[in-house]
1. Quick check on this structure: which one of VAL31, VAL22, VAL64, VAL54 is in a helix (DSSP H, G or I), in contact with an Asp or Glu (Cβ under 8 Å, 6 or more places away or on another chain) and not charged (D, E, K, R)?
2. List the residue pairs whose Cβ atoms are under 7 Å apart, where the first residue sits in the stretch 72-99 and is closer than 24 Å to SER126 by Cα, the second is open to solvent by less than 70 Å² (accessible area, probe 1.4 Å) and among the charged types (D, E, K, R), and the two are 6 or more positions apart or on different chains.
3. Taking LYS116, is it open to solvent by 40 Å² or more (accessible area, probe 1.4 Å), within 25 Å of GLN148 (Cα to Cα) and in contact with an Asp or Glu (Cβ under 8 Å, 6 or more places away or on another chain)?
4. Do any residues in the stretch 123-144 that are under 15 Å from GLU107 (Cβ atoms) and in contact (Cβ under 8 Å) with a residue 24 or more places away in the chain have Cβ atoms under 7 Å from those of residues that are assigned to a loop (DSSP other than H, G, I, E, B) and open to solvent by 100 Å² or more (accessible area, probe 1.4 Å), where the two are at least six apart or on different chains, and which pairs are they?
5. Please go through (1) part of a loop (DSSP other than H, G, I, E, B); (2) of a type outside the set (Phe, Trp, Tyr); (3) surrounded by 14 or more Cβ atoms within 10 Å (Cβ to Cβ) for GLU137 and return the number of the only condition it doesn't satisfy.
Amino acid sequence: MRISKGIKNRLLIYIISSTFIVIGLIIFHNVYISSKFLLKNVKQNAQNITISTVNKIESILQSVEKINQTQALYLESFNYNESDLKKMLYNIVKNNKEVYGSCIAFEPYMFSKNEKYKSFYYHKASNGIQFKDLDKENYNYFIWDWYQITKIKK
């Protein structure tokens with residue numbers, strides 16, 4: 001029994017197209033499942049990185065907060081002079097990599113009856129730790145947020 005060329009070609013087309021459809025569906029299914037799995041892993045990794053970063057930031061903030069608490073206890077408990085305060089601030093900036101700068105700013109005429117502005121500020125710079133004079137009337141640190149917010153919170 002001989003199959004005609006027309007039937008043979010049609011049968012071949014049906015088999016090949018059916019095979020391509022089945023293979024296409026299998027590939028689509030695998031891509032769909034893989035993308036869901038990949039997206040789930042990406043979300044989990046993003047959450048883990050976020051949690052890790054938040055923990056690092058909290059750790060740094062806690063250590064800086066301890067420095068500030070110790071500094072406040074020192075200022076409340078001991079007699080000090082300008083040289084002592086400058087040395088303390090310098091050492092805080094020098095010995096704590098997470099601290100960029102440290103400042104003590106006094107209320108008007110509180111450090112000295114002759115000076116309205118009195119502050120000490122050390123910060124890291126490209127050429128080492130630098131002292132910056134904030135005791136100038138044109139700077140008027142009393143109106144800056146860093147001073148106002150700290151004053152309100154205590």
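1. Working: VAL31 fails: in contact with an Asp or Glu (Cβ under 8 Å, 6 or more places away or on another chain); VAL22 fails: in contact with an Asp or Glu (Cβ under 8 Å, 6 or more places away or on another chain); VAL54 fails: in contact with an Asp or Glu (Cβ under 8 Å, 6 or more places away or on another chain).
Selected residue: VAL64, the only one of VAL31, VAL22, VAL64, VAL54 that is in a helix (DSSP H, G or I), in contact with an Asp or Glu (Cβ under 8 Å, 6 or more places away or on another chain) and not charged (D, E, K, R).
2. Close Cβ pairs (under 7 Å, with a partner that is open to solvent by less than 70 Å² (accessible area, probe 1.4 Å) and among the charged types (D, E, K, R)) amount to VAL93/LYS124.
3. The answer is yes for LYS116.
4. Cβ pairs passing all conditions: none.
5. GLU137 satisfies every listed condition except (3).
The values are calculated or read from the model by the stated rules, or taken from the named source; none is laboratory data. Please read these numbers as outputs of a predicted model, since none were measured by experiment. Cβ atoms come from the backbone with ideal geometry, glycine included; neighbour counts cover every protein chain shown. To get the accessible areas, we keep the full protein, side chains included, count just its heavy atoms, and leave off ligands, DNA and RNA. Shrake-Rupley method; radii C 1.70, N 1.55, O 1.52, S 1.80 Å.
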